[in-house]
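Worksheet: one structure, shown below.
The values are calculated or read from the model by the stated rules, or taken from the named source; none is laboratory data. Computed from a predicted model, the values in this text were never measured in an experiment. Neighbour counts run over all protein chains shown; Cβ positions are idealised from the backbone, glycine included. Just so you know, the surface numbers come from the protein's heavy atoms only, side chains and all, with ligands and any DNA or RNA stripped out. Shrake-Rupley method; radii C 1.70, N 1.55, O 1.52, S 1.80 Å.
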Amino acid sequence: MTRKLVVVGAGMVAQRLVEALRSRDLEGRWHITVLGEEPRRPYDRVALTSYFSARDPEELALGDASLWDDPLVTLRKDDAVVGLDREARTVTTARGRVERYDHLVLATGSSAWVPPVQGADLPGVFVYRTLDDVAALRGYVEELRTTRPVVRGAVLGGGLLGLEAAGALRALGAQATVLQVGTHLMSTQIDLGGGEALRRLVNDLGIGVRLDARTTRVRPHRRGGVGRLDLADGARVDADVVVIAAGVRPRDELARAADLKIGERGGVVVDDACRTSDPHVSAIGEVACIQGACLGLVAPGYAMAEVAADRLLGGAALFPGADTATKLKLAGVDVASFGDAFAQTPGALEVVWADPVAGVYKKLVMSDDARTLLGGVLVGDASAYASLRPQLGRELPGDPSAFLLPEGGGGAAELELPDDASVCSCNNVTAGTIRAAVTEHGCTDVGAVKTCTRAGTSCGSCLPLVKKLVGTELTKQGIAVSTALCEHFALSRAQLYDAILVAGTQSFTDVVARFGTDPAARGCDICRPAIASILATTAPAHVLDGERAALQDTNDHVMANLQKDGSYSVVPRMPGGEVTPEGLITVGEIARDYGLYTKVTGGQRIDMFGARLDQLPQIWKRLVDAGFESGHAYGKSLRTVKSCVGSTWCRFGVQDSVGLAVMLELRYRGLRSPHKIKLGVSGCARECAEARGKDVGVIATDKGWNLYVGGNGGFTPRHARLLAEDLDTETLVRTIDRFLLYYVRTADRLQRTAPWVDEVEGGLDGVRAVVLEDSLGICADLDAQMAQHVASYEDEWAATLADPDKLRRFDSFVNAPETPDPSLAYTPERGQARPATPDEVAAARRGEPVLVAGTTLEVRS
């Protein structure tokens, strides 16, 4: 006899329950009725922000729509449940429908919490929870934009949802400022160091952030709607629209009215079998108070749905505990947190690695013997998240710090996941299950494995690891491994480069439409910057032009390198390390006038640190007027050509190394590539320019120049290898032209020249045959493409200074463009200013004799 299951709520967790039950209930023991208050079938709330670009609710719909055509499944939409009679085992809907049940599952989720702030009910104040919420927000902002040149938005709450809401406002063309009550963003998931790094990255997106900012009142505008916000510290924030993302509360009102046991902080209390105090009623998802807490993440909700389905079919499953790992992508900014991210385990050790230039902060929490992984925080680069999270509670092979190094840096031991390691926490898929999909079920690509196991079908954060596991298993079986760039393109980067070049496509949208697996897809953080890099050499245009600006990595957005304190460094190009006294004076005057810390770099130029975002255009105006250009220290492109003084001054020099270095640097400036490129030119065999540690090294001989390729420094230093000997200058330059463009065309993303030379067909001999003997017949094309690059080059900063639209990216606060960032604080050291430490800032606030000031701090040695 078929029994009757009623599910109250039609969200993501309810969908998972129905899928799990129907996939296992082969005998048709249960008829399922799902009652939802929204007028649509379950959709992906995690991807709510994408609705602003997709604009079609159906694109967010979950799973296979045929699920709802199952005769044993009934979905009733737009009809909220308003009453629960446990004695009669019935629920009553707002439309008066009465549904009888044998078992009831509450999956009502949670609702947005609105703090008790005066004015929170004004028109123009929104919450951010459902598709209807974001549709209403979109309509309101779009209407404001018809009458106001600038729409100012404020988001109350700097957590996951608040940052998503801020990103949505930006996507709508509004200015956005996040007001966070606590000391840093995402304070529930990441530590203070990660929060600071995240704040800087969010600022780079054009989103303002105010910390320790508690809103006390929302004041109306004289023309209606919202006008401004009053803060507890007396400050005010102008705002035309306000989004409240201050937290959620479980939707337990139905359970309360039915006298089910409720947790101290809300939520329906359930045991590890997801049963409530009534054996005929279960609760799953955010409404359930399980193991003493309500969990606001989808992965634990899915686990509860699986437990409930198993129990309904007579199983004995128990909730395994919550995986609270979090991974967020906000317009390309990666944030991830997992395990004991705050190092609360007694004796826990923290291993921290930060790259201020790249805007990256990473931390691993280890056991007291530094061997077992307990947790981690990743900001700016979460590429290690997929492989590290499954290692929680396990010993890491080798030095933990090696796992924090950037991609391509090398050093980390290869992780071999045990079969029981969880890879996809959303769908509870282990490494062993993925391996079995390949070895036992005949899956030969990631798509087939996803279909077979459901791994990577929810949030998708585990897909890099899934891809790696699938590739490893296929390789073991002698099966060719897919080299597809990502799930949005079936082509490798090299194949995609050729396709774009031949087709002449000039925009990301056109590339996706023509070569993507889904013409309507919006890409990911793998393919978007990769295509931006490809288009830079196939269809040259300014890095901030139109759609291309949104494709760039973090530092390219402001054409400067983000530093650990939120300021930026400025690096003007000094070709070959050569600079005139007048140029040095200009740099010195700028550094003095803006209080910038100056240091000579390893690439033989001068880096100026501590510039505020709003100061960058002013500084570059003076540099450009003095004849300087962008040094591209922020881009995956040519950085520098280092040289010794050569035959002009040195007694041992046999060629003019400086003259050649200057010529090469001016020739290849602005050339975008899969990774950064460095060149070196030494005037004799003594190698004072360390040219063999560069991607392209040139060493003078009595007969001309020896050319070396594939070298680099860093954590895995490589000596460049000899490509050709005793070349004359014309042949040398032509050979470097072809080598660089062959690399640009065929290397994988983020692959430096050293591993590329190892992996490209034929290795070094193959490269030699292509660039010197034209074995592929492409040298004429390579020569023409380099000629186009040289002819079309323009200085990115000079072009930006002439474009008011691009200059608007450099406001410190989008709502207060004239206000400098007050969080920047400096103290003197060795005659210059350096960032003040948190202890020094705190001491200064206590009135102790510590000199701390803003970036205008004047230092006298």
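Any idea how far apart D728 and A61 come out in nm if each label point goes 7 Å out from Cα toward Cβ?
Calculated label separation equals 7.0 nm.
Long-range amide H contacts for L75: which residues qualify at under 5 Å (H placed 1.01 Å from N, peptide plane, sequence gap of 5 or more or a different chain)?
Under 5 Å from the amide H of L75: V34.
Please state the relative contact order of the chain as a whole percent: Cα pairs under 8 Å, 6+ residues apart? All intermediate terms of the calculation are to be shown ahead of the outcome.
Numbers: 1792 pairs, mean separation 66.4, N = 861.
This gives 8 percent for the chain.
Across segment 433-438, in residue order, what do the Karplus-derived ³J(HN,Hα) couplings come to in whole Hz, using 6.51 cos²θ - 1.76 cosθ + 1.60 with θ = phi - 60° and x for Gly and Pro?
5, 5, 4, 5, 4, 7
Run a plain Debye calculation on segment 245-370 (Cα atoms as equal point scatterers, no solvent) and give log10 I(q)/I(0) at q = 0.22 Å⁻¹, rounded to two decimals, same order as the q list.
Taken in order of the listed q values, log10 I(q)/I(0) reads -1.19.
Express in whole angstrom the spacing between the alpha-carbon centres of segment 61-100 and segment 634-702.
Taking the Cα centre of each part, segment 61-100 and segment 634-702 sit 72 Å apart.
In whole Å and largest first, what semi-axes does the C-alpha gyration tensor of segment 684-802 yield when each eigenvalue is scaled by 5 and square-rooted?
23, 19, 18
Rank-order 141-150, 7-16 by packing density, defined as the average count of other C-beta atoms within 10 Å over each peptide's residues, highest first.
My ranking of the peptides, most packed first, is 7-16, 141-150.
Label points 7 Å out from Cα along the Cβ direction at W649 and T90: separation in nm?
9.6 nm
Lys/Arg Cβ at +1, Asp/Glu Cβ at -1, dipole of the chain taken about the Cα centre: which of L60, H103, A520 is farthest positive-ward?
Working it through, the farthest residue towards the positive pole turns out to be H103.
Evaluate 2.2 N^0.38 Å with N set to the residue count of segment 66-118, then give the Cα radius of gyration divided by it. Don't jump to the answer; show the numbers that get you there.
Details: Rg = 15.0 Å, N = 53, 2.2 N^0.38 = 9.9 Å.
So the Cα radius of gyration is 1.51 times the expected 2.2 N^0.38 Å.
Using a Förster distance of 25 angstrom, determine the FRET efficiency expected from the C-beta separation of Q477 and T451, and round it to 0.05.
Between Q477 and T451 the formula returns 0.85.
Accessible surface of W113 in the full protein assembly, 1.4 angstrom probe, to the nearest 10 Å²?
The accessible area of W113 comes to roughly 90 Å².
How many percent of the accessible area of segment 359-398 is carbon or sulfur, using a 1.4 Å probe?
Percent of accessible area from carbon and sulfur atoms in segment 359-398: 44.
To the nearest 20 debye, what charge dipole does the chain have about its Cα centre, counting +1 at the Cβ of each Lys and Arg and -1 at the Cβ of each Asp and Glu?
Charge dipole of the chain: 1320 debye, to the nearest 20.
Taking R0 as 25 Å, what FRET efficiency do you get between K621 and A550 from their Cβ-Cβ distance, rounded to the nearest 0.05?
0.45
Per residue and in Å³, how big is the convex hull formed by the alpha-carbon atoms of segment 55-157?
183 Å³
Fully extended, how many nm does the chain gain between E582 and S792 (0.36 nm per residue separation, minus their Cα-Cα distance)?
In short, 72.8 nm is gained.
Per residue, what volume in Å³ does the convex hull of the Cα atoms of the chain enclose? All intermediate terms of the calculation are to be shown ahead of the outcome.
Values: hull volume 158.0 nm³, N = 861.
Normalising the Cα hull of the chain by residue number yields 184 Å³.
Just grab the label-to-label distance for K599 and A799, each label 7 Å out from Cα along the Cβ direction, in nm (one decimal).
In this crude label model, K599 to A799 measures out at 3.1 nm.
Over the chain, with the other protein chains present, what is the accessible area per residue in square angstrom, probe 1.4 angstrom?
On the way: 36160 Å² over 861 residues.
Per residue, the chain has 42 Å² of solvent-accessible surface.
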